[in-house]
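*Asks:* Let me give you the structure first, and then I'll get to my questions.
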Amino acid sequence: MITIRRDADIHDIEGGWFRARWHFSFDQYIDPENDSFGAMRVFNDDRLVPGAVWPLHPHRDVEGLTYVVEGLFGHEDNVGGPFGPLPAKLVLDDGHEPKISALETLPRDAAHPSLDVRPETGALATITIIGGAYHEVRRIFAALGSHVLGLCRVSFGEVELPRDLAPGEYQLLSGETHPQ
């Protein structure tokens, strides 16, 4: 059964660098009538002050999903590095709005062997976009406040770059395995 809860019934907390609306029991807020909804344990509406980063805290056996309504969001315990949820609307310097379907931190040991990872590299990422014209990946990372030291395209549609293909080598594609 779904119960409609009015705005005045949602817990409201001011934390200095954030303001939150907690729909279920969370942290020091205890509401036995609203402990969860099926498997959903937490449903928060959080507003952070500009520049705030949600501090490190554990997420054991929990999958989190964050929607960014406006601006950028940082979460200190993002897996492996600084790439968090994308802004609600990313617009590049020329007004182009890239179509990004995935952006994730990439562990160094998972990088494709063809990628030359320089010692000064702070973090690696994998990004999936639709398009890719005019240095789009570099421009996306610049708009996110980062920069690109090197690129390695590992797939194009269903065609993947073999991991055993050495830098500078190539492999012809057959029409049977990769129709045009």
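The values are calculated or read from the model by the stated rules, or taken from the named source; none is laboratory data. These numbers come from a predicted model, not from an experiment. FYI the Cβ positions are ideal-geometry reconstructions off the backbone, even for glycines, and counts take in every protein chain you see.
*Asks:* Search segment 124-141 for residues being closer than 13 Å to residue 94 by Cα and free of Cβ contacts under 8 Å to residues at least 12 places away in the same chain, and hand back the single one that is surrounded by the fewest Cβ atoms within 10 Å (Cβ to Cβ).
*Replies:* Applying the filter and picking the extreme gives 133.
*Asks:* Quick one: would you say residue 30 is out of contact with any strand residue (DSSP E or B) (no Cβ under 7 Å at 6 or more places or on another chain), modelled with pLDDT of 70 or more and exposed (fewer than 10 other Cβ atoms within 10 Å of the Cβ)?
*Replies:* The answer is no for residue 30.
*Asks:* Does residue 80 count as assigned to a loop (DSSP other than H, G, I, E, B), touching a Ser or Thr at 6+ places or on another chain (Cβ under 9 Å) and at pLDDT below 65? Before the answer, list the steps.
*Replies:* Working: assigned to a loop (DSSP other than H, G, I, E, B): yes; touching a Ser or Thr at 6+ places or on another chain (Cβ under 9 Å): yes; at pLDDT below 65: yes.
So residue 80 fits the description; yes.
*Asks:* Going residue by residue through segment 118-131, is there one that turns out to be at pLDDT 80 or above, touching a Pro at 6+ places or on another chain (Cβ under 7 Å) and part of a strand (DSSP E or B)?
*Replies:* yes
*Asks:* Restricting the first residue to segment 100-112 and requiring it to be within 12 Å of residue 125 (Cβ to Cβ) and of a type in the set (Gly, Ala, Ser), which pairs with a second residue that is surrounded by 11 or more Cβ atoms within 10 Å (Cβ to Cβ) and modelled with pLDDT of 80 or more meet a Cβ separation below 6 Å and a spacing of at least six or different chains?
*Replies:* These pairs meet every condition: 102/128; 111/117; 111/124.
*Asks:* Scan segment 33-46 for residues that are part of a loop (DSSP other than H, G, I, E, B) and either more than 18 Å from residue 2 (Cβ to Cβ) or touching a residue at least 24 places away in the same chain (Cβ under 8 Å) (or both) and jot them down.
*Replies:* 34
*Asks:* Further question on the same structure: Could you check residue 63 against (1) within 18 Å of the chain's Cα centre (by Cα); (2) loosely packed, with under 11 Cβ neighbours inside 10 Å; (3) at pLDDT 65 or above; (4) among the charged types (D, E, K, R) and say which number it fails?
*Replies:* (3)
*Asks:* Related question: Taking the options 180, 171, name whichever one is at pLDDT 80 or above, of a type in the set (S, T, N, Q) and part of a loop (DSSP other than H, G, I, E, B).
*Replies:* Matching residue, one of 180, 171: 171.
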